[in-house]
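Only one structure is covered here, and it is reproduced in the block below.
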Amino acid sequence: MDTDIMTIREVAGYLKLTEKTAYRLAAEGKIPGFKVGGAWRFRRRDIDAWIEARKQQSAGGGASNRNEDN
């Protein structure tokens, strides 16, 4: 059964990031997530909404945060 909740590893794969980068972005509050017992968890729909918001920023001439992936 596919679940709406993803682990740090799953969200990293989904966003095509390293786990280290996904963890850093989550810890900095740059991607939507929450902790359960000290482990990060992410709702797929929140990540999808975050992606759409980023696309809107890019299309609207907003500043790109390209350096977030480094």
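Within region 4-26, if we keep just the residues that are in contact (Cβ under 8 Å) with a residue 40 or more places away in the chain and not aliphatic (A, V, I, L, M), the residue that is farthest from PHE42 (Cα to Cα) turns out to be THR21. Listed by position, the strands (runs of 3 or more DSSP E) contained in region 1-60 that have at least 1 residues being buried (at least 16 other Cβ atoms within 10 Å of the Cβ) are 5-7, 39-43. For first residues located in region 27-44 and over 18 Å from LEU15 (Cβ atoms), partners that are open to solvent by less than 60 Å² (accessible area, probe 1.4 Å) and of a type outside the set (Val, Ile, Thr) and lie 6+ apart or on another chain with Cβ distances below 9 Å form the pairs LYS35/ALA26.
The values are calculated or read from the model by the stated rules, or taken from the named source; none is laboratory data. Everything quoted here is computed from the prediction, not taken from an experiment. Glycine also receives a Cβ, built like all others from the backbone with ideal geometry; neighbour counts cover every protein chain displayed. Quick note on the areas: whole protein, heavy atoms, side chains included, nothing else; ligands and nucleic acids left out. Shrake-Rupley method; radii C 1.70, N 1.55, O 1.52, S 1.80 Å.
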